[in-house]
Amino acid sequence: MSHSITSVLSQIRTLQTQVSQAAPTGDIARSNAIQGLGEGNAINAPSFSQTLQGAIKGVNDAQQKSGALAAAFERGEPGADLAQVMVASQQSQIAFRATVEVRNRLVQAYQDVMNMPL
């Protein structure tokens, strides 16, 4: 189980570095964001829904790759190795479990916010 957590954390770190490389660095962007978004100086970072859709698409791609490799192995194709099939299967399972865990955490956070007294 700790290997799967390590794998998910490494994927999150990879995504963070990709996002940070895509966005300009420095304190200028932060100060512009504080001054106001109406000035046109805001960073064009992906929205939460775009990030979530991308993550779900990645999980779907991993599951489809795993299924295709398993089917190729069952047909006896020479390029389909049992080790590749098993690794792809484990990767898709870990990605799906991480997605379910994120969903559960989001639902719990939503419920916590909705149950806050005014």
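See the values below:
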| item | result |
| --- | --- |
| Options Ala68, Ala98, Ala72, Ala109; residue that is of a type in the set (A, V, I, L, M), within 14 Å of Ser7 (Cβ to Cβ), assigned to a helix (DSSP H, G or I) and not assigned by TED's automatic domain parsing to the domain that holds Thr6 | Ala98 |
| Tally, over the range 77-105, of residues that are of a type outside the set (Gly, Ala, Ser), surrounded by 12 or more Cβ atoms within 10 Å (Cβ to Cβ) and closer than 24 Å to Gln11 by Cα | 14 |
| Some residue of the range 70-86 being under 19 Å from the mean Cα position of the chain (by Cα) and of a type in the set (S, T, N, Q) | no |
| One residue from Ala72, Ala62, Ala29, Ala68 being modelled with pLDDT under 90 and either at positive phi or surrounded by 12 or more Cβ atoms within 10 Å (Cβ to Cβ) (or both) | Ala29 |
| Odd one out for Lys57 among (1) loosely packed, with under 11 Cβ neighbours inside 10 Å; (2) outside any helix (DSSP H, G or I) | (2) |
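The values are calculated or read from the model by the stated rules, or taken from the named source; none is laboratory data. This structure is a prediction, so every number in the text was calculated from the model and none was measured. Cβ: placed from backbone, ideal geometry, glycine included. Neighbour counts: every protein chain shown.
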